[in-house]
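Worksheet: one structure, shown below.
The values are calculated or read from the model by the stated rules, or taken from the named source; none is laboratory data. Bear in mind the structure is a predicted one, so any value in this text is a computation, not a measurement. Quick reminder, even Gly has a Cβ in these numbers, built from the backbone with ideal geometry, and neighbours come from all protein chains shown.
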Amino acid sequence: MSMESIFGITAVILAGGLGTRLRPVVSDRPKIMADVAGRPFLAYLLEQIASAGIRNAVICTGYMAGRIRDCFGDTFGPLKITYSREYEPLGTGGALRLALPFLASDTVLVANGDSYVDADLNVFADWFAEKDRQAAILLTRVGDTSRYGRVRLNEDKSIASFEEKCENPHPGWINAGVYLIKKAAISLVPAGQFYSLERSFFDSLIGKGLFGFCTEAKFVDIGTPESYAIAESFFSEARTSSSAGGVM
């Protein structure tokens with residue numbers, strides 16, 4: 001799936017979270033609007049998607065949804081933006097299911113709104129299209145998975161299991177918060193109820209076409225005050241780096 005074919009993919013950004021853990025330092029706006037080097041965090045995600053060649057983005061909003069729409073409107077550079085608003089918490093899976101009428105492609109790129117992975121989305125899409133996959137999680141390797149939980153893979157890169165967060169630090173593959181999912185699989189998510197991609201949807205696809213795409217790409221999330229504090233240096237380093245991470 002080259003730049004030409006990724007052009008037709010709809011991208012979805014999950015931006016409806018309450019951001020409870022971040023409120024000690026970001027209390028007046030939704031988490032995805034947190035300031036990083038003078039720009040909302042969401043701007044970095046939209047920039048990455050647009051740079052890959054995608055032209056249609058759906059932002060799933062919830063908490064303080066109006067702040068996001070007032071800031072970004074209906075376009076971001078070449079991107080056309082559509083909003084899918086949840087009026088009660090639906091979880092990541094429920095929010096994605098709510099956005100189903102706005103998904104105009106058979107394969108959908110989905111990104112968590114509180115993390116960023118400096119990976120080549122075109123390479124990810126090319127790899128996904130090589131086989132009949134239902135969904136894939138972009139994975140990156142970290143030295144300590146205790147905060148995130150680990151993803152275990154089979155030899156063919158299908159996902160074998162998810163390990164919960166634990167106190168013991170171990171290196172391994174983590175979910176970097178970017179997914180490629182067939183629209184047909186999204187349509188199977190229960191409508192109108194709370195549903196988690198991470199805890200329910202992906203578990204249900206183990207052994208049924210769920211794969212992991214492994215990279216060494218740099219990763220940052222802004223879910224806690226500690227991780228948010230390093231986001232500015234992350235993006236300044238990413239701009240000076242000539243590589244987006246090699247595929248494993």
Any hit, the stretch 116-136, residues being of a type in the set (Ser, Thr, Tyr) and surrounded by fewer than 22 Cβ atoms within 10 Å (Cβ to Cβ): no
Please work out if Lys208 is surrounded by fewer than 13 Cβ atoms within 10 Å (Cβ to Cβ) and over 16 Å from the mean Cα position of the chain (by Cα). yes
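Could you pull out every one of the helices (runs of 4 or more DSSP H) wholly within the stretch 28-111 that has 3 or more residues that are buried (at least 21 other Cβ atoms within 10 Å of the Cβ) and either within 17 Å of the chain's Cα centre (by Cα) or of a type in the set (Gly, Ala, Ser) (or both)?
Working: elements: 41-52, 65-72, 91-98.
The qualifying helices (runs of 4 or more DSSP H) are 41-52, 91-98.
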Tally, over the stretch 180-231, of residues that are aromatic (Phe, Trp, Tyr) and farther than 21 Å from Pro89 by Cα: 4
If you go through the stretch 79-99, how many residues are out of contact with any strand residue (DSSP E or B) (no Cβ under 9 Å at 6 or more places or on another chain), modelled with pLDDT of 95 or more and of a type outside the set (Gly, Ala, Ser)? 1
Would you tally the residues in the stretch 135-150 being in contact with a Ser or Thr (Cβ under 8 Å, 6 or more places away or on another chain) and either farther than 15 Å from Asp221 by Cα or of a type in the set (A, V, I, L, M, F, W, C) (or both)? 2
Per the filter on the stretch 37-74, residues farther than 15 Å from Ala15 by Cα and among the charged types (D, E, K, R) are Arg39, Glu47, Arg55, Asp74
Among the residues of the stretch 14-27 satisfying the criterion of being closer than 26 Å to Glu237 by Cα and under 16 Å from the mean Cα position of the chain (by Cα), which is modelled with the highest pLDDT? Leu14
